[in-house]
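A.B. asks: Here it is, the structure, as structure tokens.
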Amino acid sequence: MTTEHEPREPVHLPTQGGSVPWVTWIVSASALILAGSAGLVMLQGKDEGAPSSSEPSVEAAPAASATPPASAKPRTLEEEIASPLTMTAQTLDAKARAALWSREAQLAAIRWVVVSGKPEGALEFDFGVPRGPSVPFAPLRPERVTIRYEGRVATQTTGTSPTPQVALPEPNCPLEVAHLKATQTGLSGASQVAVLYGHSRKHGRALWTFTDPQGRALFVDGDQCLVLTR
């Protein structure tokens, strides 16, 4: 897609609670919940263990058959961190920015590069305006807005597309699931692949397309996560 760029100032992604990243809110909330739970247990233990002023304190002998409760296995850091291919936050932000560009903006394409299961380079969203009603797969006008994300920095450019495109529904099949399906089917998990979410005239639907450096492509249905062999 050839575009005439109108660069704009980099904009930091919005975060929850003003300038505090949304990850900080999640960690803080978890810490408060744990601290509150610990405090409740300590208070209950103090009330139950304190001797009464009218009754002598008696220490009960532990039952012979009592077994210590199994402690919950702590989650690893890897389990706490979302998949590196998750793009929920960027998708929501891109939709909001596109709506400022045009209230009728519809998704036209998503592009990324994945190496060894991790993203490399910028995540790009293209949006266009339908020629008619705003319905899935409606033909789009040539005008485009491209929103790029590198880390927490977003940039936006406008231009035109020489290739006819249609409005796409948001992928019901997440990229991380589509990539897993592709690697299980034959795509090398360690290889570099160019990822494109776009419309396929041949299949008549929106697909995730994974293309390796040799030009071999593998397709995954963007709605049901089905790998297409033809």
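Bear in mind that the values in this text are calculations on the coordinates, not laboratory data. These numbers come from a predicted model, not from an experiment. Here Cβ is always computed from backbone atoms with ideal geometry, including for glycine, and neighbour counts include all displayed protein chains.
A.B. asks: Please work out how much length the chain gains when fully extended from T229 to S83, using 0.36 nm per residue of separation minus the C-alpha to C-alpha distance, in nm with one decimal.
C.D. replies: Result for the pair: 50.0 nm of gain on full extension.
A.B. asks: How would you rank W112, W208, W101, going from fewest to most other Cβ atoms within 10 Å of each one's own Cβ? Write out the running numbers ahead of the final one.
C.D. replies: Numbers: W112 22, W208 26, W101 16.
Ranking W112, W208, W101 by Cβ neighbours within 10 Å, fewest first, gives W101, W112, W208.
A.B. asks: Calculate the dipole size of the range 83-228 relative to its Cα centre from +1 charges on Lys and Arg beta carbons and -1 charges on Asp and Glu beta carbons; express the result in debye to the nearest 20. Each step should come with its number before you reach the end.
C.D. replies: On the way: 15 positive and 12 negative charges, 54 e Å.
Computed about the Cα centre, the dipole is about 260 debye.
A.B. asks: Please check which bits of the range 212-230 a label hung off E120 would reach, taking the label as a point 7 Å along Cα-to-C-beta and the cut-off as backbone N under 18 Å.
C.D. replies: Under 18 Å, as judged by backbone N against the label point of E120, lie 212-218 of the range 212-230.
A.B. asks: If you don't mind, there's one more thing I want to ask. Tally Lys and Arg at +1 and Asp and Glu at -1 over the other residues with C-beta under 15 Å from the C-beta of V195: what net charge comes out?
C.D. replies: On the way: positive: R111, K118, R148, K181, R216; negative: E120, E124, D126, E176, D212, D221.
Value of the local net charge: -1.
A.B. asks: Obtain the nm distance between the two label points defined at V113 and V177 by a simple spin-label model: each point lies 7 Å from its Cα along the Cα-to-C-beta direction.
C.D. replies: 2.8 nm
A.B. asks: With unit charges on the beta carbons (Lys and Arg positive, Asp and Glu negative) and the dipole taken about the Cα centre of the range 83-228, which residue among G186, A206, S102 sits farthest to the positive side?
C.D. replies: It is S102.
A.B. asks: Hey, another quick one. Taking 0.36 nm per residue of separation and subtracting the Cα-Cα distance, what length does fully extending W101 through V135 add?
C.D. replies: Numbers: separation 34, 0.36 × 34 = 12.24 nm, distance 1.83 nm.
Full extension of this stretch gives 10.4 nm more.
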